[in-house]
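The values are calculated or read from the model by the stated rules, or taken from the named source; none is laboratory data. Quick caveat: nothing in here was measured; it's all calculated off a predicted structure. Cβ placement follows ideal geometry from the backbone for every residue including glycine, while neighbour counts extend to all protein chains displayed.
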Amino acid sequence: MAKVKSTHTMVKLVSAAKTGYEKWFSINRNSPKLNLILYDPRAKRHCLFTEDRKRRIAERPKLVFDRSHR
């Protein structure tokens with residue numbers, strides 16, 4: 001019997017203020033890297049939160065905005 005992968009994963013966001021405060025989010029497995037501005041109670045202000053660990057993200061095709069049809 002084959003294992004079934006979940007469509008969601010848990011990621012840990014760490015404060016860029018280096019206070020050690022972290023938040024956990026459940027996100028879609030295919031979503032791009034998560035960077036959020038959230039409140040850090042240890043720094044007592046809003047800070048940038050970035051993903052802690054590397055994870056594999058599917059390559060998205062680049063968007064082409066030129067209007068040439070040839």
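So here's what we get for this one:
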item	result
Number of positions in the stretch 4-15 that are in contact with a Phe, Trp or Tyr (Cβ under 9 Å, 6 or more places away or on another chain) and loosely packed, with under 12 Cβ neighbours inside 10 Å	1
Within the chain, strands (runs of 3 or more DSSP E) holding 1 or more residues that are among the acidic types (Asp, Glu)	22-28, 35-40, 45-51
Some residue of the stretch 46-57 being touching a residue at least 24 places away in the same chain (Cβ under 8 Å), of a type in the set (Ser, Thr, Tyr) and in contact with an Asp or Glu (Cβ under 7 Å, 6 or more places away or on another chain)	no
First in the stretch 19-43 and within 24 Å of PRO61 (Cα to Cα) and free of Cβ contacts under 8 Å to residues at least 40 places away in the same chain, second anywhere and charged (D, E, K, R) and in a strand (DSSP E or B), Cβ under 9 Å, 6 or more apart	LYS33/GLU51; LEU34/GLU51; ASN35/GLU51; LEU36/LYS23
Residue satisfying all of: in the stretch 46-67; of a type outside the set (Phe, Trp, Tyr), touching a Ser or Thr at 6+ places or on another chain (Cβ under 9 Å) and modelled with pLDDT of 80 or more; surrounded by the most Cβ atoms within 10 Å (Cβ to Cβ) among these	CYS47
Number of positions in the stretch 16-45 that are surrounded by 12 or more Cβ atoms within 10 Å (Cβ to Cβ) and more than 11 Å from the chain's Cα centre (by Cα)	11
